[in-house]
């Protein structure tokens, strides 16, 4: 039986051919500097470039590398879940391939983890190489998220973190398909501590989280951890009750003074605003209903096409976790 590694590095990859070799070199060096047994788990999330071939080459040259190929693009959060499901380490280090989060921080993360923390999460002090628009939207994302969710999610963090095996095992019992992993880790609890660091510019390629993807991620996060948006309809009902009362008084006044055309304009404006907000409330309710529909189908979270340096038994275990 293969020895259980002390450390698993889990990295979801989508079109990362420009950075993968350098990521491997720096990550391998960081792992070996800890003098612990380790594995580097690379998850190919349906890449269209040479990422899959490079992963296989690395895995064939180095038995520490595990290559997992998903059947299609499932999205970064599900690709990460696949890596967490199949990794074998007692400590799990989650990192992206773009090298914005330095692999060299593994050693101080481990020291903090071994001092008693179950989760050590990277918290950004500075975000180098990002546009003002990206910084503003990222800043707004975390503040908006904490205003609408019932779980306290640390600000200015990503999935860059080190977790104990017991945290990951609890995380894998959570079956939802629209996943926001950093929020799920916060929900699990245990002792979680920040590690402040300066984020580097992306080594090459393009961000996998443009504004549209950030909106989608925020929607997943809010609908996964809060029902507060559903309560907006109560506030709208109160607001429009007051507006209806005021507009009735105002329309009556304008009628008495003979300003009938202005009355019609005011009523039309209020009706348009009311209908717009009403559609917004229905859209929010539809978002929750759609997620119930997705969960009710009970499909597997991900499908593994093939692997290198991991046996079929591990895959069977991961599928059992998904079905549980």
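Within region 93-101, is there a residue that is assigned by TED's automatic domain parsing to the domain that holds residue 116, within 25 Å of residue 157 (Cβ to Cβ), assigned to a strand (DSSP E or B) and at pLDDT 95 or above? Talk me through it step by step, then tell me what you get.
First, pick out the residues of region 93-101 that are assigned by TED's automatic domain parsing to the domain that holds residue 116: 93-101.
From the residues that got through so far, the ones that are within 25 Å of residue 157 (Cβ to Cβ) too are 93-101.
Among the residues that remain, those that are also assigned to a strand (DSSP E or B) are: 93-94.
Of the ones still in play, those that are also at pLDDT 95 or above are 93-94.
Yes, that holds for at least one residue.
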Quiz item: Of the residues 32, 17, which single one is at pLDDT below 95, outside any strand (DSSP E or B) and under 23 Å from the mean Cα position of the chain (by Cα)?
Solution: 17
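Residue check: is residue 53 assigned to a helix (DSSP H, G or I), without any contact (Cβ under 8 Å) to a residue 12 or more places away in the chain and within 18 Å of residue 98 (Cβ to Cβ)? Explain how you work it out, then say what you get.
On the way: assigned to a helix (DSSP H, G or I): yes; without any contact (Cβ under 8 Å) to a residue 12 or more places away in the chain: yes; within 18 Å of residue 98 (Cβ to Cβ): no.
No, not satisfied.
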Quiz prompt | Qualifying position, being surrounded by fewer than 24 Cβ atoms within 10 Å (Cβ to Cβ) and under 22 Å from the mean Cα position of the chain (by Cα), among 49, 101, 45 | solution = 101
Practice problem: For residue 161, state whether it is part of a loop (DSSP other than H, G, I, E, B), within 13 Å of the chain's Cα centre (by Cα) and either at pLDDT 75 or above or over 24 Å from residue 83 (Cα atoms) (or both). | Solution: no
Quiz item: Exactly one of (1) within 24 Å of residue 104 (Cβ to Cβ); (2) assigned to a loop (DSSP other than H, G, I, E, B) is unmet by residue 46. Its number?
Solution: (1)
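The values are calculated or read from the model by the stated rules, or taken from the named source; none is laboratory data. Please read these numbers as outputs of a predicted model, since none were measured by experiment. Quick reminder, even Gly has a Cβ in these numbers, built from the backbone with ideal geometry, and neighbours come from all protein chains shown.
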